[in-house]
Amino acid sequence: MTSTITHWIDGAPAPSTSGRTAPVFNPATGQQTAEVALASVEEVDAAVASAVRAAAEWGGASLSKRAAVLFAFRELLHQRTDELAAIITAEHGKVLSDAAGEIARGLENAEFATGVPHLLKGGYSEQVSSGVDVYSMRQPLGVVAGITPFNFPAMVPLWMCCNAIACGNAFVLKPSEKDPSAALFIAQLWKDAGLPDGVFSVVQGDKESVDRLLEHPDVEAVSFVGSTPIAKAIYETGTRHGKRVQALGGAKNHMLVLPDADIDLAADAAVSAGYGAAGERCMAISVVVAVGEIADPLVEAIKERLPRLTIGDGAAEGTDMGPLISAAHRDKVADYIGQGEQSGATLVVDGRADHPDDGFFLGTTLLDNVTTDMSVYTDEIFGPVLSVVRAETYDEAMEIINGHEYANGTAIFTRDGGAARRFQNEVQVGMIGINVPIPVPVAYYSFGGWKASLFGDNHMYGPEGINFYTRGKVVTSRWPDPATSSVDLGFPRTR
C-alpha cells in the first residue's frame with residue numbers, strides 16, 4: 001500500500017478530504033512510490049484563510065524578528081541538504097550532486113533575504129518645503145502564492161518564499177504534483193526555524209488548486225515558473241482577478257561559439273549545460289550556434305564526450321545523468337528526435353538507443369545541421385537533446401538568436417572581448433553568459449528573461465523580488481506651529 005503525500009496547513013500536515021489523488025513515481029525505476037493528494041477548492045480556501053490570519057501578525061513583526069527566523073531557516077536548510085537532496089533525487093531523478101547544487105542556489109536566496117532590514121530601508125528627504133519632510137516605505141502585500149515546476153522542487157520555491165516571507169507576507173505554495181515531497185520538507189524546516197503557523201502553507205494539487213489560487217480574493221500576488229502557454233494563461237487569469245503576477249515561461253537557450261573560441265572549453269560547456277539534469281532545466285543550452293569553420297571540430301568534440309557520460313539512477317555513485325520525469329515526457333522527447341531526423345537534421349548521436357531499460361531514461365542526443373524551421377529548434381523540448389545550427393557570420397548568428405520567440409538565457413564563447421561586449425549589448429535576451437554556459441544570476445541580482453519567456457513587470461528574486469512582494473507608500477509630513485495655520489485652496493507646491 002502506497003503512502004499519501006498531503007498538504008501543510010496552519011503549521012502542520014493536513015490530511016486531504018478531496019478524495020482525489022495522483023501517482024508519484026521514482027523515475028529511475030518507473031515504479032510508483034506514493035500518491036499525492038489533489039486539493040479541493042475547500043482545502044485551498046482553508047490554507048488561504050490560515051495565511052490571512054497569520055499575515056496580519058507576521059506583517060507587523062519587527063524586521064529583526066523576521067531576519068532571525070530567516071537565519072535559523074538558512075542554517076537548518078544547510079545542515080539538512082543531504083536529506084532534501086535524497087528526496088529530490090527519489091522523485092525527480094536528477095543525480096544527488098545536482099540536487100545538492102539546486103539546494104545550494106536556493107540557500108543563496110535565503111541568505112539574501114536575511115538582509116531584510118537593509119532591503120526594506122526607505123528614503124527620507126528633509127525640508128522639501130518649509131517645515132515639510134517626505135519619506136517612503138515598503139509594506140507587505142498580505143497573502144501571496146507560488147506555483148512551481150517539477151524540475152526544481154526546492155530551488156524555485158526558495159526563490160519565491162524567502163523574499164516573500166522576509167517582506168512580511170504569508171506564502172502559499174502549490175508545488176508540482178510530480179515531485180511534491182520537497183515542499184513538505186521545506187515546510188517543516190520553516191516551522192523548526194520558528195516561523196509562525198500559517199505563514200508558510202503547502203497545497204498539493206493540479207489545475208483545480210491553481211485556478212482557485214488565481215481567483216481567490218484574498219491572494220494578492222502569484223509567482224509562477226513553467227511553460228510559456230501556462231505562464232501566459234496564469235498571467236492573464238491572475239491579472240484579470242486583480243492580482244500582481246510574475247509568470248516565467250519557456251526557453252530555447254542559444255550558445256554562440258565564435259571561430260576563435262577554445263574548442264575544448266566550448267565542448268565541455270555545451271555537454272554540461274545541454275545534458276545536465278537530462279536537459280530538464282529552463283536554463284539548459286539546447287542550441288549551439290557554431291560560426292564558420294569551428295562547426296565541424298566542435299561537433300566532433302561534443303560527440304567524443306557523450307560516450308563518457310554514465311546514465312542511470314541518480315542515487316547511484318558515479319552517475320552523470322538520470323532519467324526524465326515521466327514516461328509520457330520521455331516519449332515526447334523521443335518523438336522530437338524523430339521529427340528532427342525526418343526534417344533533415346543530421347543525427348550524430350541517437351539517445352533513443354542508449355539508455356537503461358528500466359525507468360524513464362533517454363540517452364544523450366546530438367543533432368547537427370538543424371535549421372530554424374524545424375520543430376527541434378522552434379519548440380522547448382526539455383530533454384537531453386542538443387541541436388547545432390550553423391552560421392557563416394556573427395551577424396547571421398545574431399539574427400538567429402534574436403529571431404526566436406524565447407529569450408530566457410544565452411551565452412557566447414570567444415576569446416575576443418570586443419565581440420563579447422558587442423554581443424551583450426545587441427542580444428535580445430534577459431540573462432547572458434560570457435564563457436559561462438548557464439548564466440543564472442546570483443541571489444542579489446534578479447532572474448528572468450524577455451519576450452515569451454516572461455509575463456509581468458518584475459523578474460524573480462533579488463531586488464526585483466523585494467519590489468514584487470511589497471508595495472510602496474510615500475508620506476508627506478509637517479508638524480507646524482498652529483499659529484501659522486491658514487486656509488489655502490491652491491495646488492500644493494514646494495516653496
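The values are calculated or read from the model by the stated rules, or taken from the named source; none is laboratory data. This one's a predicted model, so the numbers in the text were calculated from it and none came from an experiment. A quick note on method: Cβ atoms are made from the backbone with ideal geometry, for glycine too, and the neighbour counts reach across all protein chains shown.
Quick notes on this one:
- Per-region count, region 194-218, residues among the basic types (Lys, Arg) and touching a helix residue (DSSP H, G or I) at 6+ places or on another chain (Cβ under 9 Å): 1
- Residue within region 325-337 that is over 27 Å from ALA397 (Cα atoms), of a type in the set (Ser, Thr, Tyr) and within 27 Å of the chain's Cα centre (by Cα) present: yes
- Test: residue in region 48-66 that is of a type outside the set (Gly, Ala, Ser) and free of Cβ contacts under 8 Å to residues at least 60 places away in the same chain: yes
- Of all residues in region 227-254, those that are buried (at least 21 other Cβ atoms within 10 Å of the Cβ) and either among the charged types (D, E, K, R) or assigned to a helix (DSSP H, G or I) (or both) total 7.
- Scanning region 94-118 for residues that are surrounded by fewer than 17 Cβ atoms within 10 Å (Cβ to Cβ) and among the hydroxyl-bearing types (Ser, Thr, Tyr) gives a single hit, SER97.
- Residue check, VAL429 buried (at least 22 other Cβ atoms within 10 Å of the Cβ), at pLDDT 95 or above, more than 30 Å from LEU309 (Cα to Cα) and touching a Ser or Thr at 6+ places or on another chain (Cβ under 7 Å): yes
- When the residues of region 291-311 are filtered to those that are among the aliphatic types (A, V, I, L, M) and under 28 Å from the mean Cα position of the chain (by Cα), the one that is surrounded by the fewest Cβ atoms within 10 Å (Cβ to Cβ) is LEU309.
- If you go through region 155-178 and keep only what is aliphatic (A, V, I, L, M), in contact with a helix residue (DSSP H, G or I) (Cβ under 6 Å, 6 or more places away or on another chain) and either part of a helix (DSSP H, G or I) or surrounded by fewer than 24 Cβ atoms within 10 Å (Cβ to Cβ) (or both), you end up with MET155, LEU158, ALA166.
- Against the test of being under 30 Å from GLY314 (Cβ atoms) and surrounded by fewer than 21 Cβ atoms within 10 Å (Cβ to Cβ), the options GLU83, GLU91 yield a single qualifying residue, GLU83.
- Tally, over region 100-158, of residues that are free of Cβ contacts under 8 Å to residues at least 12 places away in the same chain and on the phi > 0 side of the Ramachandran plot: 1
- Scanning region 453-479 for residues that are charged (D, E, K, R) and either touching an Asp or Glu at 6+ places or on another chain (Cβ under 8 Å) or at positive phi (or both) yields a total of 1.
- For region 196-204, the condition holds for no residue, the condition being that it is within 19 Å of the chain's Cα centre (by Cα) and either among the basic types (Lys, Arg) or not assigned by TED's automatic domain parsing to the domain that holds GLY168 (or both).
- Flag if LEU184 is among the hydrophobic types (A, V, I, L, M, F, W, C), within 24 Å of LEU454 (Cβ to Cβ) and assigned to a helix (DSSP H, G or I): no
- Only strands (runs of 3 or more DSSP E) whose full extent lies in region 382-438 are considered here, and the ones with at least 3 residues that are touching a strand residue (DSSP E or B) at 6+ places or on another chain (Cβ under 9 Å) and either closer than 30 Å to ASP354 by Cβ or not β-branched (Val, Ile, Thr) (or both) are 385-391, 409-413.
- Odd one out for LEU76 among (1) in contact with a Pro (Cβ under 7 Å, 6 or more places away or on another chain); (2) within 30 Å of ALA316 (Cβ to Cβ): (1)
- Of all the listed residues (GLY338, GLY314, GLY318, GLY322), the sole one being in contact with a Lys or Arg (Cβ under 9 Å, 6 or more places away or on another chain) and surrounded by fewer than 19 Cβ atoms within 10 Å (Cβ to Cβ) is GLY338.
- Checklist (1) of a type in the set (A, V, I, L, M, F, W, C); (2) crowded, with 20+ Cβ neighbours inside 10 Å; (3) outside any loop (DSSP other than H, G, I, E, B) applied to PHE152, failing item: (3)
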